[in-house]
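Note sheet for the following structure.
The values are calculated or read from the model by the stated rules, or taken from the named source; none is laboratory data. It should be emphasised that the depicted structure is a prediction, and the values quoted were computed from it without experimental measurement. With ideal geometry, Cβ positions are generated from the backbone for all residues, glycine too; neighbour counts draw on all protein chains shown. Ligands, DNA and RNA are excluded from the accessible area calculation, which covers all protein heavy atoms including side chains. Shrake-Rupley method; radii C 1.70, N 1.55, O 1.52, S 1.80 Å.
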Amino acid sequence: MKSIKELYRIGNGPSSSHTIGPRKAAIQYRDEHPDAHSFQVTLYGSLAATGKGHMTDAAIQEELEKVAPVEFVWEPQIFLPLHPNGMTFRVKQADGSLSHEWTVFSVGGGALAEEGKPQGTTPDIYEMTTMSQVQAWCERTGRGYWEYVAECEGEDIWDYLAEIWETMKAAVERGLDTEGALPGPLNLRRKAASYHVKALGYKDSLRSRGLVFAYALAVSEENASGGRIVTAPTCGASGVLPAVLYHLQKVKEFSDARILRALATAGLVGNIVKCNASISGAEAGCQAEVGVACSMASAAASQLFGGTPAQIEYAAEMGLEHHLGMTCDPVCGLVQIPCIERNAYAAARALDSNLYATLTDGRHRVSFDKVVQVMKQTGNDLPSLYKETSEGGLAKHYETV
């Protein structure tokens, strides 16, 4: 299992798999062909179906046009075997002939993969790849999940997570201070600022829940606008974990050191899912994005409130279990409806998962690892129209004004 640095990536929205990944691929291909006459890029499956709404073509074009013009070919009905997010880059000669073909896949969270090659070029640094293994290690050694992360990652992980936390906080605060409509044909009005003001007028539990909504909306709206966010585990689900951590630090005055440890635990949870299933909406539906984000935030909250390894595992399990089967059906291919509201609800659900787990001794029948297996199978069983193609669900029955 690879470093959580590959899970937490700083970049611009609206989509890690549809924007950050393709941009990364374009930069690599451009640098390998600095003398190209022009480029042809073919987008397949989910990348083609929702690419315009996710600004896939804009991200690729911005990088390739630094060398030569770009021509796009859209193939939304063709799904290549490895992953729904396939793309082929070619150099186009002056006579129209094509050469230097490279097919690559954006597999979620900004990561790239190629057919027949191991995903990523960085080494695996985690020997244990399931929650049950790490939990047993915690029980045996008396240490926490975050300490296993530190042991595998090394001391420099804390500087990295400090940068991640600062970027998350900045996204919340920018989002709270920005008003107006989001880009795209939906003309969707930003809500974070008004939710924040209204929530401050409530008392106790209503204020707490309203503020969590506001923080999640703030980051998700920044993402939808192409703002700078952290994949946690993806752009589309980037509002959940920051909302929970920002709220708990504000209300409970947790130190930055404790927040970074919670980020480490959350990263471990997301990494286990990424290793054993998927964090790609195009591959497994929104359960793999918002569901995993909720699971990560649930574990982080449980740790902050002093949860045992068993209680933290239970909180993470509930956060994911109760998103099983969630489809990815973005209206107009934009990361706006229903994505933004889902981030707010998942942040609140993460706090509920922590509370529920806290009231137990941590023992339960269905393990986190089992839920990850079920999520993977559920994703395999979902028809493609429910996996980030905007061909079914809410996307099919919504008309823009």
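Structure notes:
- Check on Glu321, farther than 19 Å from Arg9 by Cβ, surrounded by fewer than 24 Cβ atoms within 10 Å (Cβ to Cβ) and out of contact with any Gly (no Cβ under 6 Å at 6 or more places or on another chain): yes
- Residue pairs whose Cβ atoms lie under 6 Å apart, sitting 6 or more positions apart in sequence or on different chains, and linking a residue in the stretch 246-273 that is farther than 12 Å from Glu147 by Cα to a partner that is open to solvent by 50 Å² or more (accessible area, probe 1.4 Å) and hydrophobic (A, V, I, L, M, F, W, C), do not occur here.
- On the stretch given as the stretch 302-327, residues that are touching a residue at least 40 places away in the same chain (Cβ under 8 Å), over 23 Å from Tyr126 (Cα atoms) and in a helix (DSSP H, G or I) total 2.
- The stretch 1-70 holds helices (runs of 4 or more DSSP H) entirely within its bounds, and those carrying 1 or more residues that are buried (at least 20 other Cβ atoms within 10 Å of the Cβ) and of a type in the set (Lys, Arg) map to 21-32.
- Of residues in the stretch 169-184 being charged (D, E, K, R) and buried (at least 18 other Cβ atoms within 10 Å of the Cβ), the one farthest from Gly51 (Cα to Cα): Lys169
- Taken together, Leu351, Leu355 contain a single residue that is open to solvent by 20 Å² or more (accessible area, probe 1.4 Å), without any contact (Cβ under 8 Å) to a residue 24 or more places away in the chain, within 25 Å of Leu200 (Cα to Cα) and in a helix (DSSP H, G or I), which is Leu355.
- The residue of the stretch 165-187 that is nearest to Gly267 (Cα to Cα), among those that are modelled with pLDDT of 95 or more and touching a Leu at 6+ places or on another chain (Cβ under 8 Å), is Trp165.
- Some residue of the stretch 55-71 being in contact (Cβ under 8 Å) with a residue 60 or more places away in the chain and touching a strand residue (DSSP E or B) at 6+ places or on another chain (Cβ under 7 Å): no
- Only a single criterion out of (1) within 25 Å of Leu320 (Cα to Cα); (2) of a type in the set (A, V, I, L, M, F, W, C); (3) touching a Leu at 6+ places or on another chain (Cβ under 9 Å) is not satisfied by Leu200, namely (1).
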